[in-house]
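Values in this text are rule-based calculations from the coordinates and carry no lab data. If you're wondering where the values come from, they're calculated on a predicted model, not measured in any experiment. No Cβ is skipped: glycine too gets one built from the backbone with ideal geometry, and neighbour counts run over all protein chains shown.
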Amino acid sequence: MNHYAAGKSNSNAHAVKARPFRVTIVHPCVGRSVGMKKYIRTWQMEPIPVAMIAALLPADVERCFYDDRLEEIPYDEPTDLVAISVETYTAKRAYQIASEYRRRGVPVVMGGFHATLCPDEVMKYCESIVIGEAEAVVPELIDDYRHGSPKRIYEKRGDDNQLIRPPMTVSPDRSIFAGKKYLPIRLVEFARGCRFKCDFCAIQSYFSSTHNHRPIETVVEEIKRVRKPRQLIFFIDDNLTSNLPAAKEFMRAIEPLGIRWVSQTAINVAFDDEALALMKRSGCQGVLVGFESLEPEALKQMNKGFNLMKGGPAQALANFRKFNLRIYGTFIFGYDHDTPLTFERSVNFAIDQGMFIAAFNHITPFPGTPLYDRMKAEGRLLYDAWWLDDRYRYNMIPYTPKNMDSEELADRCVKARRDFYRWRSIFRRSTDRVHWRRPWMFFNFFLINAMHQWDIEGRNGLPLGDANWSGKLISVDGTNLTAVNNGSLSV
Ligand code: B12
Ligand code: SF4
């Protein structure tokens with residue numbers, strides 16, 4: 001079947017019936033094992049990309065939204081176009097969902113991180129692909145579909161061939177979340193991108209190490225509009241302080257709102273007392289900081305040598321503590337100089353420093369990142385495309401490490417989590433003054449740590465894609481594709 005033709009005839013049919021053009025937006029889950037009833041609760045937050053797409057649709061376009069993590073998708077419900085946001089972990093599931101719609105003759109458009117960083121693959125499963133930020137192209141895309149003349153690729157590049165970064169003036173339309181039960185935390189975006197170039201990070205690849213923020217007054221207005229009493233706000237920027245002067249201006253503007261917030265930052269903010277004071281005064285409860293490694297060689301290899309600036313992690317943590325900011329430290333393992341001792345050093349450091357919580361994960365080569373390209377060039381990837389391979393499961397190591405085998409790397413990450421979340425460590429960390437200054441925070445400290453202790457291996461083994469799905473993936477020319485074990489999808 002020619003799906004473009006199907007898409008066109010759909011719109012023509014609707015024009016005859018004078019029904020408004022309808023777009024169905026779908027947010028895919030990562031995966032489901034056979035018989036799995038409930039999806040991972042801690043991942044069920046409001047999906048902001050979906051709300052951004054909804055906000056960009058012209059007013060006369062009907063919209064509906066299905067969150068694959070929370071509900072069944074009614075594939076037979078009439079619609080003119082389906083829009084799916086694709087991340088690397090959700091790619092396989094996104095292709096399954098797309099195939100369901102496309103076999104019913106409904107055209108599909110895909111965008112997001114994986115679409116931007118792996119376009120050749122994503123294009124096989126949709127009529128149109130959006131490379132880069134939706135703001136740059138969605139109005140044009142909708143117009144093209146309504147007129148029956150869709151393009152295969154939507155992207156806007158400048159003379160330097162870099163993706164053009166559109167102004168971030170549109171605010172997300174959260175009305176589409178009505179009736180869906182998300183975690184009680186508000187997600188708000190201040191900026192996108194980061195000026196650093198850590199080799200494993202999809203952010204720097206997607207945004208070419210640039211950083212762009214929304215008009216501060218727009219964000220303040222949005223917070224006033226969406227805040228709920230006592231609800232925590234999560235600023236979803238990957239590095240809130242990538243542009244320190246802008247971050248300070250932002251924090252000054254939100255200070256009078258009296259909110260409580262958390263976010264993610266790089267270590268550089270720890271060496272700016274004015275920024276730390278502003279964080280505290282504007283309601284910051286704690287931040288995730290990517291310490292990644294204590295090994296200078298590993299930091300060098302990941303292009304994150306800046307983590308050793310001005311006294312490095314220990315000094316940074318002392319500065320955060322001075323301002324009573326709680327720290328969620330993240331560590332990654334599997335760089336070429338890592339040895340069994342590396343894990344022990346990181347865990348002991350995180351305990352000695354009284355971190356609120358910490359994550360100990362192996363590196364994951366995401367397509368489109370320098371890490372992925374290096375692993376591929378060195379012939380160390382274990383799958384052609386781990387994110388599509390039926391043998392691959394969440395938290396498996398998709399490459400060959402240097403000083404240990406992949407099972408040992410995986411086991412040592414689990415052991416590191418176990419050591420950090422032992423009751424002995426929890427009690428020891430709880431004595432840090434930052435955690436017991438407020439009674440409800442002290443209570444939360446134990447609750448959150450207990451939840452992490454319980455969840456040490458919680459998601460390990462989750463398949464990517466829905467293992468209960470028995471359909472066939474449909475390629476863009478209508479040929480059925482079957483997933484095969486070497487990860488490539490063959491006709
Ligand atoms: C908040 C967040 C979470 C939240 C969940 C969010 C939710 N709603 O469920 C939590 C903490 C649970 C989480 C979990 C995970 N996350 Co996360 N997360 C983020 C974060 C920080 C913000 C996402 C966001 O809302 N951004 C704001 C929106 C507006 O931006 P956007 O997604 O880029 O969308 C724009 C464009 O990409 C484009 N676009 C996006 N989709 C589409 C679709 C169409 C049709 C179109 C036209 C355009 C389009 O238009 C949008 C507007 O311009 C991002 C990093 C970041 N700053 O973006 C990481 C990020 C998306 N997460 C990532 C990862 C790896 C994960 C985990 C796998 C981590 C883990 N190992 O456990 C899990 C997977 C969970 C899942 N997918 O179910 C990676 C994905 C990398 C990749 N290559 O795919 C990111 C990019 C972080 C990173 N540093 O690499 N995450
Ligand atoms: S500092 Fe954080 S967001 Fe920025 S490139 Fe490094 S890992 Fe990515």
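Taking a straight line from the alpha carbon of LYS228, these lysines sit under 18 Å away, with near neighbours fewer than eight places off in the same chain left out: LYS180, LYS181.
Between the C-alpha center of region 49-97 and that of region 137-196 there is a gap of 13 Å.
Only Cα pairs under 8 Å and 6+ residues apart enter the sum, and on that basis the relative contact order of region 184-454 stands at 15 percent. Taking a ≥ b ≥ c as the square roots of the eigenvalues of the alpha-carbon gyration tensor, region 3-164 is classed oblate because a/c is 1.5 or more while a/b is no larger than b/c.
Here LYS156 is the anchor, and the lysines within straight C-alpha reach of less than 29 Å, apart from those fewer than 8 places off in the same chain, are LYS8, LYS92, LYS124, LYS197, LYS376. An oblate overall shape is assigned to region 419-460, the ratio a/c of its alpha-carbon gyration tensor axes (a ≥ b ≥ c) being 1.5 or greater and a/b not exceeding b/c. Shown here are the Rg and Dmax of the Cα trace of region 184-454, at 19.0, 54 Å. About its Cα centre, region 221-379 has a charge dipole of approximately 840 debye under the convention of +1 per Lys or Arg Cβ and -1 per Asp or Glu Cβ, with nothing else charged. Using Cβ point charges alone (K and R +1, D and E -1), the dipole size of region 184-454 about the Cα centre works out to roughly 1320 debye. Of the residues ALA298, ILE332, PHE320, the one whose Cα sits farthest towards the positive end of the charge dipole of region 286-340 is PHE320 (charges of +1 on Lys and Arg Cβ, -1 on Asp and Glu Cβ, taken about the Cα centre). Looking at the chain alone, DSSP beta bridges between its own residues are antiparallel in about 20 percent of cases. Computed over region 136-189, the P(r) tail beyond 19 angstrom holds 55 percent of alpha carbon pairs.
Per-residue packing, averaged as other Cβ atoms within 10 Å, sorts the ranges 131-140, 214-223 into the order 131-140, 214-223, beginning with the highest. Size descriptors for the chain, from the alpha-carbon set: Rg then Dmax equal 23.0, 70 Å.
Straight-line reach from LYS415: taking Cα to Cα under 27 Å and skipping same-chain neighbours fewer than 8 places apart, the lysines in range are LYS38, LYS300, LYS304, LYS402. Summary of the geometry: region 299-354 and region 387-415, compared by the centres of their Cα atoms, lie 22 Å apart. Among the cysteines of the chain, CYS29, CYS64, CYS118, CYS126, CYS194, CYS284, CYS413 have no other cysteine beta carbon within less than 4.7 Å of their own.
Rg over Rh for region 250-300 works out to 1.10, both radii taken from alpha-carbon positions and Rh defined as the Kirkwood radius.
Dividing the mean sequence gap of close Cα pairs (under 8 Å, 6+ apart) by how many residues the chain holds gives a relative contact order of 16 percent. Quick check: the angle from helix 439-454's long axis to the longest principal axis of the chain, C-alpha only, nearest 10 degrees? With rounding to tens, the tilt is 60 degrees.
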